[in-house]
């Protein structure tokens, strides 16, 4: 710690979800020591990343594509247990086994330009002066809630999937589910079992994916998302370009009419939703399964955003500042992508740290 109460480190990792823990693991593997060379700051109350906030009815057996963290498999998990418990315990054990010493709960408020080529990371536990930053804050803290005319007049309840409590809260109610992603379909199929009526509304026609989804298809999907962040556009989720898998549960729900989709309504009324063609649906609840945006507001002082609204990224490195790497952002937002991004970011940061400082002109 220097004379101004600012602690010097080589790397600060912000976030301890899949991407942040992967990065911390690879930092250790390259010989950097937690607390001395790098620090991991996480604002969540306990281990588990965004998984700890998932609804109780999302059991581990319903999770699509949970990819193990590097160096330690998740084995023997009960598929009937809530995913929040299973993955939270797994992350907790992972932090302990690899001695990652995550600081929590810590809120990172801003990252600014410091002196001597360092970045200042201002947090609720103090300020860190760092040579490099790995941003692994994900999206859970930035639920996206679109605005529609009349929204403020609705007399029922509106909530986002981030606050979804499970199907029991909707028993006997008329529910409109908005959103064509995996969360929207999962919510809808659960709620339909207990609700008085359900209506599914999406902005675009859902894309159903049949057959195997192999490595080639995965690479193609990731490449589409990667191209957006390379252009400095806000990233889309990988799921948005892969389509929804036609599982047995999905087929059954479609056969029963649960997944009969309506186009997006034009306005919200006090008693439900309405379309300009005169159609109306009465509702007690509107559930917005409309996704999330990247939680990167703390990076605003560095002016990294492009005119398109996103941060231009090559691999994991911010094009405007080579000291900053974004993992779990855009193409690396999947669990397997987060692991690869953590390793790639650390590889580049080690090269950055190994450089000799530039000579100061006499």
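The values are calculated or read from the model by the stated rules, or taken from the named source; none is laboratory data. Quick caveat, the model's predicted, so the values are computed rather than measured. All Cβ positions, even for glycine, are placed from backbone atoms using ideal geometry, and neighbour counts span all protein chains on display.
Mind counting the residues in the stretch 89-106 that are touching a residue at least 60 places away in the same chain (Cβ under 8 Å) and assigned to a helix (DSSP H, G or I)?
Taking the stretch 89-106 as the starting set, the residues that turn out to be touching a residue at least 60 places away in the same chain (Cβ under 8 Å) are 91, 94-95, 98-106.
Next, from what is left, pick out any that are assigned to a helix (DSSP H, G or I): 91, 94-95.
Of the residues in that region, 3 qualify.
Every residue in the stretch 251-280 that is at pLDDT below 95, surrounded by 13 or more Cβ atoms within 10 Å (Cβ to Cβ) and part of a loop (DSSP other than H, G, I, E, B), please.
258, 259
From the list 346, 327, 360, 319, pick out the single residue that is surrounded by fewer than 19 Cβ atoms within 10 Å (Cβ to Cβ) and modelled with pLDDT of 90 or more.
319
Hey, could you check the stretch 34-54 for residues that are part of a loop (DSSP other than H, G, I, E, B) and touching a residue at least 40 places away in the same chain (Cβ under 8 Å) and say which is farthest from the chain's Cα centre (by Cα)?
So, considering only residues that are part of a loop (DSSP other than H, G, I, E, B) and touching a residue at least 40 places away in the same chain (Cβ under 8 Å), the one farthest from the chain's Cα centre (by Cα) is 35.
For residues that are modelled with pLDDT of 95 or more and in a strand (DSSP E or B), scanning just the stretch 281-308, find the one that is nearest to residue 266 (Cα to Cα).
281
I'd like the residue in the stretch 51-77 that is more than 21 Å from residue 164 (Cβ to Cβ) and touching a helix residue (DSSP H, G or I) at 6+ places or on another chain (Cβ under 7 Å) and, out of all such residues, is surrounded by the most Cβ atoms within 10 Å (Cβ to Cβ).
It comes out as 69.
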